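Below is one structure; the comments refer to it alone.
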Amino acid sequence: MDTIKVKAIVLSSADYKEKDKLVTLFTIEHGIMQVIMKSVKTQKAKMKFAKEPFCFGEFLISLPSKVITGANIEDSFFELTKDIDKFYIGCAILETVKTIVVSGEKNVELFIETLKAIGCIAYNGVNDKYVLVKFLLSVFKNMGYSLALDKCSTCGQKFIGKRYLNLDFGEIVCTGCKSGNCIEISAKCHSCFKILSETSYDKLNTIKLAPKSEDEALNVLNINFERRFNKKLNLL
Ligand SMILES: [Zn+2]
């Protein structure tokens, strides 16, 4: 029997058998892993805190049984559970990861981005929706669907006037290149993408965008997400 050590974020946990939990981990080393925590539902259980979503730390996993034999939690991001809005946005981030990361396939870049995003919601006193917009923009980039911020994806000219999201390809194009299945994106929303994409998580609390631009941004990103990954996110 082998034991492996992984760094991971708990994405979700569900009841399993009488006293156990089936925990979905996003690990740096192996992407998503489904593991078992034994007897964690009892009050005295040593690892009962390690099964909660958002927990980040080191886990020891016994193979091939996939039973967790040890956990050293570095941060539980407990702050996220105290505020319902923060909690929902945090859950949307974990849900996004669960949807796009393939089991067993590592994605270090997305792991780091996820950790930064949930840390930012928990501790930085930011508009939570800004964090989610920034996170989703990075998800599209990570999955090979970068959204054009300065120049049209098709002709490469700077954007002047109207711009559109082409739903067939997940790209932002100008009026001249608009074709097929497109939705218009307001300049305010596009500017929200650009600013959030170019501002680091630790500086997000210093910016203020046009009112409601983050709502339009989330709506557009949600539509794009559904088209790219066949899943609707419950964002708003
Ligand atoms: Zn164009």
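The values are calculated or read from the model by the stated rules, or taken from the named source; none is laboratory data. All figures in this text were calculated on a predicted structure; none of them were measured in a lab. In this analysis, Cβ positions are derived from the backbone assuming ideal geometry, glycine residues included, and neighbour counts consider all displayed protein chains.
Miscellaneous remarks
- Cβ pairs under 6 Å, 6+ apart, first in region 200-215 and under 19 Å from GLY125 (Cβ atoms), second in a loop (DSSP other than H, G, I, E, B) and among the polar types (S, T, N, Q): ASN205/ASN124; ILE207/THR199
- Subset tally (residues that are closer than 30 Å to ILE28 by Cβ, assigned to a loop (DSSP other than H, G, I, E, B) and without any contact (Cβ under 8 Å) to a residue 12 or more places away in the chain) for region 116-171: 2
- Evaluation of VAL40 against (1) crowded, with 19+ Cβ neighbours inside 10 Å; (2) closer than 27 Å to ILE121 by Cα (one fails), failing number: (2)
- Residue identified as closer than 20 Å to SER213 by Cβ, in contact with a Lys or Arg (Cβ under 8 Å, 6 or more places away or on another chain) and either assigned by TED's automatic domain parsing to the domain that holds ASN219 or within 14 Å of the ligand (Cβ to nearest atom) (or both) among TYR164, TYR145: TYR164
- Selection within region 172-189: residues that are within 14 Å of the ligand (Cβ to nearest atom) and not in a strand (DSSP E or B). The member of this set that is farthest from the chain's Cα centre (by Cα) is GLY176.
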